[in-house]
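Student: Before I ask anything, here is the structure I am working with.
The values are calculated or read from the model by the stated rules, or taken from the named source; none is laboratory data. Keep in mind the model is a prediction, meaning the values are calculated, not measured. With ideal geometry, Cβ positions are generated from the backbone for all residues, glycine too; neighbour counts draw on all protein chains shown. Areas reflect the complete protein model, heavy atoms only, side chains present, ligands, DNA and RNA absent. Shrake-Rupley method; radii C 1.70, N 1.55, O 1.52, S 1.80 Å.
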Amino acid sequence: KKTFQSLLMNFVIETSSGVRSIAINRPEKRNTLSLAMMKELANAFAEAQTDNKVRAVVLQGLPEIFSAGADLLEPGTSADRYATEARLLAAADALQKPLFAEINGPAVGLAVLLLLSCDLVYCGKRALFSLPFTALGETPSHAASYRLAAACGRHLASEKLLLSEPISAEEAFNLRLVNGVFEDSETVRQTAARALRLAKLPPQALKATKLLIRRATEPLLAAELDFAKITFEKQANSAEFKTAREAFLEGRRPNFSSED
């Protein structure tokens with residue numbers, strides 16, 4: 001039974017049978033997240049936490065893309081973007097209810113970081129994941145390197161972060177970034193079925209179990225978040241980052257001096 005439905009700025013949000021669905025809906029911009037959208041999504045996570053009708057949350061993208069990450073063409077400083085991203089990811093991490101992600105297409109940069117904050121992630125065979133921080137002259141932000149290495153190990157994390165290589169759905173499963181891969185037409189149904197199962201379980205037991213899992217897998221996260229911020233800010237003030245940023249905005253390949 002549907003109990004709640006809302007159309008916010010570039011989001012479609014509804015609740016049915018205890019499952020809150022939050023869908024990113026900005027297809028003309030490949031579902032990139034503007035600063036305003038990041039704040040809206042953070043608020044949506046906080047609202048889901050306080051709504052007693054909500055037992056589980058599913059994050060997805062419409063219509064055939066999850067998200068191309070942060071809107072890098074939006075005016076603003078890298079410091080503004082970093083702070084707003086941090087608020088969004090903190091809101092996702094703070095959600096005490098099970099958080100699912102349903103991936104029906106590409107997920108890039110910040111979108112992948114959101115997945116690393118989720119408890120359960122399912123994708124279709126067409127899903128494609130990318131962490132192009134190094135290629136953009138940045139460093140992995142918000143402890144992405146720590147979370148990725150914790151999931152799949154140092155060498156595989158190095159391959160995907162240093163080379164900025166895209167990750168297929170099958171690779172994502174092998175890297176333990178997703179829980180399951182389905183036919184594209186089945187991904188929504190399969191994810192919803194699992195969210196509905198959790199919505200019927202004892203909510204306090206789910207909350208306590210999620211807390212125990214997080215405590216076991218992320219004991220050093222706070223320190224890593226601080227170090228990642230310092231490292232990102234240092235790189236964001238470098239000539240190398242300026243070169244990469246200008247090339248991105250002009251749609252060309254950057255040329256880095258061998259002296260740097």
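Student: What are the residues in region 96-108 that are under 24 Å from Phe173 (Cβ atoms) and in a loop (DSSP other than H, G, I, E, B), if any?
Tutor: Filtering region 96-108 for residues under 24 Å from Phe173 (Cβ atoms) gives 98-108.
Matches in region 96-108: Pro98, Asn104, Gly105.
Student: Next question, about the same structure. Might you let me know whether region 10-31 holds any residue that is open to solvent by 50 Å² or more (accessible area, probe 1.4 Å) and in contact with a Ser or Thr (Cβ under 6 Å, 6 or more places away or on another chain)? Please lay out each step first, then the result.
Tutor: Looking only at region 10-31, we keep the residues that are open to solvent by 50 Å² or more (accessible area, probe 1.4 Å), and these are 14, 17, 25, 27-30.
So of that shortlist, the ones also in contact with a Ser or Thr (Cβ under 6 Å, 6 or more places away or on another chain) come out as 14.
The answer is yes, given that some residue of region 10-31 is open to solvent by 50 Å² or more (accessible area, probe 1.4 Å) and in contact with a Ser or Thr (Cβ under 6 Å, 6 or more places away or on another chain).
Student: Would it be correct to say that Ser141 is buried (at least 21 other Cβ atoms within 10 Å of the Cβ) and among the hydroxyl-bearing types (Ser, Thr, Tyr)? First the steps, then the outcome.
Tutor: Working: buried (at least 21 other Cβ atoms within 10 Å of the Cβ): yes; among the hydroxyl-bearing types (Ser, Thr, Tyr): yes.
So Ser141 passes the test.
Student: Can you tell me how many residues within region 205-238 are farther than 30 Å from Phe256 by Cα and touching an Asp or Glu at 6+ places or on another chain (Cβ under 9 Å)? Explain how you work it out, then say what you get.
Tutor: Step one: filter region 205-238 for residues farther than 30 Å from Phe256 by Cα, giving 205-223.
Then drop every residue that is not touching an Asp or Glu at 6+ places or on another chain (Cβ under 9 Å), which leaves 210, 213-214, 218, 221.
Summing the residues that are farther than 30 Å from Phe256 by Cα and touching an Asp or Glu at 6+ places or on another chain (Cβ under 9 Å) in region 205-238 gives 5.
Student: For region 148-260, which fully contained helices (runs of 4 or more DSSP H) count at least 3 residues that are open to solvent by 80 Å² or more (accessible area, probe 1.4 Å), polar (S, T, N, Q) and at pLDDT 90 or above?
Tutor: Hits in region 148-260: none.
Student: Another question, then. Out of the residues in region 127-138 meeting the condition of being touching a residue at least 60 places away in the same chain (Cβ under 8 Å) and assigned to a loop (DSSP other than H, G, I, E, B), tell me which one is most open to solvent (accessible area, probe 1.4 Å). I'd like the intermediate steps shown before the answer.
Tutor: Filtering region 127-138 down to residues touching a residue at least 60 places away in the same chain (Cβ under 8 Å) leaves 127, 135-138.
Applying the additional criterion that residues be assigned to a loop (DSSP other than H, G, I, E, B) yields 127, 137-138.
Values: Ala127: 4, Gly137: 4, Glu138: 21 Å².
Step by step, filter region 127-138, then rank; the result is Glu138.
Student: Right, here's the next one. Consider Val112 against the criteria (1) in a strand (DSSP E or B); (2) under 11 Å from the mean Cα position of the chain (by Cα): it satisfies all of them except one. Which criterion is unmet?
Tutor: Only one criterion is unmet by Val112, namely (1).
Student: Let me ask something else about it. Cβ-Cβ under 9 Å, sequence separation 6+ or interchain: first residue in region 44-60 and free of Cβ contacts under 8 Å to residues at least 40 places away in the same chain, partner part of a loop (DSSP other than H, G, I, E, B). Which pairs?
Tutor: If the second residue must be part of a loop (DSSP other than H, G, I, E, B), the pairs left are Glu47/Val54.
Student: When only residues in region 72-126 that are touching a Phe, Trp or Tyr at 6+ places or on another chain (Cβ under 9 Å) and among the β-branched types (Val, Ile, Thr) count, which is surrounded by the most Cβ atoms within 10 Å (Cβ to Cβ)?
Tutor: Taking the candidates together, the pick is Ile103.
Student: Name the residues in region 15-38 that are within 20 Å of Leu113 (Cα to Cα) and in a loop (DSSP other than H, G, I, E, B), would you?
Tutor: Selection gives Asn25, Arg26, Arg30, Asn31, Thr32, Ser34.
Student: May I ask you to verify whether Leu41 is open to solvent by less than 20 Å² (accessible area, probe 1.4 Å), under 29 Å from Lys200 (Cβ atoms), out of contact with any Lys or Arg (no Cβ under 9 Å at 6 or more places or on another chain) and not in a strand (DSSP E or B)? Let's see the steps before the verdict.
Tutor: Values: open to solvent by less than 20 Å² (accessible area, probe 1.4 Å): yes; under 29 Å from Lys200 (Cβ atoms): yes; out of contact with any Lys or Arg (no Cβ under 9 Å at 6 or more places or on another chain): yes; not in a strand (DSSP E or B): yes.
It is true that Leu41 is open to solvent by less than 20 Å² (accessible area, probe 1.4 Å), under 29 Å from Lys200 (Cβ atoms), out of contact with any Lys or Arg (no Cβ under 9 Å at 6 or more places or on another chain) and not in a strand (DSSP E or B).
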